[in-house]
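Report on one structure; see the data block that follows.
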Amino acid sequence: MAAAPVFRFAPSPNGPLHLGHARSALLNHDMARAMGGRFRLRIEDVDGTRARAEHVASILADLDWLGLAYERPVRRQSEHSADYRAQLDRLQAMGLVYPSFLSRTAIKAAVDRLEAASGQPWPRDPDGAPVYPGTERDLAPTVATTRIAAGEPFSLRLDMVEALKRVGPLTWTEYPDGFAAPPKTIAADPAAWGDVILAGKFTPASYHLAVVTDDAIEGVTHVVRGHDLYPATSVHRLLQTVLDLPEPVYHHHSLILDTDGRKLSKSRGSRALRALADDGLTPDDVRRLAGLGGS
Ligand code: GLU
């Protein structure tokens, strides 16, 4: 008999959960239940500069309130730096990693200059940020080592061109309408992201490196998350392939939009689940608001 499917809800504790998170959590939970699968919770606090303990506590309280039982222990990224280091070491041994010292502002300035010189727009990544121009790819290792030793902030980047040479055409399996309906094969386009960041001076792993490492370690077979992460799947498939990690299948669910049609986000004042509960809404009300039927 095939092993039970493994689902996970993987919030970043950078703020309280809102309705969009509730949709992800409820879908993961319900789909796991419908398929006789397992439902895990992962706290994505790898970025210690943004994660906060009080948000972890409120996430756990909100999931309890929603009545979503997850398996224990809960994996917390901040406790697993060694796992990310191990994957980074493997990428480094393949010659696919290099240090970069340009800040985001400096990258923007460099790209402005390139655009002014060429009269052409510089490519943007799927998140709309200018693609890193690769200027430090050939920095002499001794120079980089000296700058790191001197305490300069740095990021470790993936050499996208070299990584792509190691793989054939990449695809992923997307179930647009849930796992009961037929899947589609999606062509991945990791090159659109350029030389993505894998780790930083203060972060043991970027989102991309952490998520593929964790999904593999936790045996995740079914990734259910918001459509905002659909383009990131291209990078995940590249890293999974280069690192020889198992390939999950994906369902990217539609996002809940504000009444003005924009993605929900805390900065736009969207209501935290806690505030909805304080207003007297029940978990079933939240299910309905999140676009799922009542339980
Ligand atoms: N931690 C990510 C977020 O809160 C989700 C990661 C994922 O599901 O792959 O947006």
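The values are calculated or read from the model by the stated rules, or taken from the named source; none is laboratory data. Given the structure is predicted, the values throughout are model-derived calculations rather than measurements. Heads up, the Cβs are rebuilt from the backbone with ideal geometry, glycines too, and the neighbour counts pull from every protein chain shown.
Checked against the criterion of being under 25 Å from R225 (Cα atoms) and assigned to a helix (DSSP H, G or I), the range 86-98 has at least one qualifying residue. For the range 1-13, which residues satisfy the criterion of being surrounded by fewer than 19 Cβ atoms within 10 Å (Cβ to Cβ) and either within 15 Å of the chain's Cα centre (by Cα) or assigned to a helix (DSSP H, G or I) (or both)? Across the range 1-13, the qualifying residue is only S12. Taking into account only those residues within the range 167-201 that are in a helix (DSSP H, G or I) and over 15 Å from the mean Cα position of the chain (by Cα), which is farthest from the ligand (Cβ to nearest atom)? If we take residues in the range 167-201 being in a helix (DSSP H, G or I) and over 15 Å from the mean Cα position of the chain (by Cα), then A191 is farthest from the ligand (Cβ to nearest atom).
Residue pairs whose Cβ atoms lie under 9 Å apart, sitting 6 or more positions apart in sequence or on different chains, and linking a residue in the range 235-257 that is without any contact (Cβ under 8 Å) to a residue 12 or more places away in the chain to a partner that is surrounded by fewer than 18 Cβ atoms within 10 Å (Cβ to Cβ) and outside any helix (DSSP H, G or I), are L257/K263.
Taken over the range 134-166, the residue count meeting the criterion of being loosely packed, with under 11 Cβ neighbours inside 10 Å and in a loop (DSSP other than H, G, I, E, B) is 4. Looking at G151, G134, just one residue is at positive phi and either β-branched (V, I, T) or without any contact (Cβ under 8 Å) to a residue 60 or more places away in the chain (or both), and that residue is G151.
The number of residues in the range 10-47 that are in contact with a Pro (Cβ under 6 Å, 6 or more places away or on another chain) and in contact (Cβ under 8 Å) with a residue 40 or more places away in the chain comes to 3.
Only one of the numbered conditions (1) in contact with a Phe, Trp or Tyr (Cβ under 9 Å, 6 or more places away or on another chain); (2) part of a loop (DSSP other than H, G, I, E, B); (3) free of Cβ contacts under 8 Å to residues at least 40 places away in the same chain is not met by D112, and that is (2).
Candidates V46, V131: the one that is more than 16 Å from the ligand (Cβ to nearest atom), buried (at least 17 other Cβ atoms within 10 Å of the Cβ), of a type in the set (V, I, T) and closer than 24 Å to H227 by Cα is V131. Go through the range 73-110 and report how many residues are more than 25 Å from H236 (Cβ to Cβ) and of a type outside the set (S, T, Y). Result for the range 73-110: 5. Taking the conditions (1) crowded, with 17+ Cβ neighbours inside 10 Å; (2) at pLDDT 90 or above; (3) of a type in the set (A, V, I, L, M) in turn, L264 satisfies each one other than (2). A count restricted to the range 202-247 and to residues that are more than 10 Å from the ligand (Cβ to nearest atom), in contact with a strand residue (DSSP E or B) (Cβ under 9 Å, 6 or more places away or on another chain) and part of a loop (DSSP other than H, G, I, E, B) stands at 8. Scanning the range 87-111 for residues that are in contact with a Pro (Cβ under 8 Å, 6 or more places away or on another chain) and among the β-branched types (V, I, T), which turns out nearest to Y132 (Cα to Cα)? So, considering only residues that are in contact with a Pro (Cβ under 8 Å, 6 or more places away or on another chain) and among the β-branched types (V, I, T), the one nearest to Y132 (Cα to Cα) is I107. Checking each residue in the range 219-246 for being surrounded by fewer than 18 Cβ atoms within 10 Å (Cβ to Cβ) and not hydrophobic (A, V, I, L, M, F, W, C) picks out G219, H227, D228, Y230, P231, D244, P246.
If you filter the range 14-42 down to residues that are outside any helix (DSSP H, G or I) and near the ligand (Cβ under 9 Å from one of its atoms), you find that the one that is surrounded by the most Cβ atoms within 10 Å (Cβ to Cβ) is R42. Filtering the range 95-113 to residues that are aliphatic (A, V, I, L, M) and surrounded by 15 or more Cβ atoms within 10 Å (Cβ to Cβ) leaves L96, V97, L102, I107, A110, V111.
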